[in-house]
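Below is one structure, written out as structure tokens; the observations come after it.
The values are calculated or read from the model by the stated rules, or taken from the named source; none is laboratory data. This one's a predicted model, so the numbers in the text were calculated from it and none came from an experiment. Virtual Cβ from ideal backbone geometry, glycine too; neighbours counted across all protein chains shown.
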Amino acid sequence: MSSYSRQQLEDWVKTIEVPANSRVLDVGGSQLPVNSRLKNIGKDCEFKILDLEQPHECKLQPDIIEDLNEIQYAHDSTFDYAFCLEVSEYWYDPIRALSNICGYLKPSGILYISFHFIYPVHNPVEQDYLRYTEIGAKKLLENAGFIIEEVKPRVLKTYIANIDGMRPAKQYDKHDWSGCLIKAKKV
């Protein structure tokens, strides 16, 4: 059984269409490739998976072996679309990672990316580093060379205000968000 967070992600992915003759980069896609999960894929699309040499779970071997935390700058710039789903928590250098994804995209290329704000530490535990608010995710993307086109919330089924006496900001109305799903365009 999938988590509610995963269900929200899959519902979003099922709405995305990739036009014919597109080149698509699936960042971290060795475990669960995006091409079988989209609403529609146009004719003659090319999908490439970018992942670590030995991803923690691997159904497909990556076509491009890179650690986005480590490479200095990706210069390929030939992809029309990039998907980066359920990967951001594994970055310890998010600006570098996002800048590298940006470097793989053509000008005006589109990135679909997921972020968690609330989610338990998960495997591989020693590589699970960060969580992101919507505001933080948007700022990181903008600093890496993207314009935000769409933000969809990932909401909690149950939100409990005032846990352990914590005081949420009264002027902020998104305390039930557990993360966000973002469509962004390369500047």
**Prompt:** SER178 versus (1) polar (S, T, N, Q); (2) within 20 Å of PHE79 (Cβ to Cβ); (3) surrounded by 16 or more Cβ atoms within 10 Å (Cβ to Cβ): which is the lone unmet condition?
**Reply:** (2)
**Complete:** Filtering the range 38-72 for residues that are closer than 17 Å to ILE110 by Cα and of a type in the set (Lys, Arg) leaves a count of 2
**Complete:** Within the range 124-167, residues under 20 Å from SER108 (Cβ atoms) and either of a type in the set (A, V, I, L, M, F, W, C) or in contact (Cβ under 8 Å) with a residue 60 or more places away in the chain (or both) come out as LEU140, LEU141, ALA144, PHE146, ILE147, ILE148, VAL151
**Message:** Against the conditions (1) out of contact with any Gly (no Cβ under 6 Å at 6 or more places or on another chain); (2) surrounded by fewer than 16 Cβ atoms within 10 Å (Cβ to Cβ); (3) modelled with pLDDT of 95 or more, where does PRO19 fall short? Just the number, please.
**Reply:** (1)
**Asked** Which residues, counting only those in the range 9-22, are touching a residue at least 60 places away in the same chain (Cβ under 8 Å) and in a strand (DSSP E or B)?
**Response** VAL18
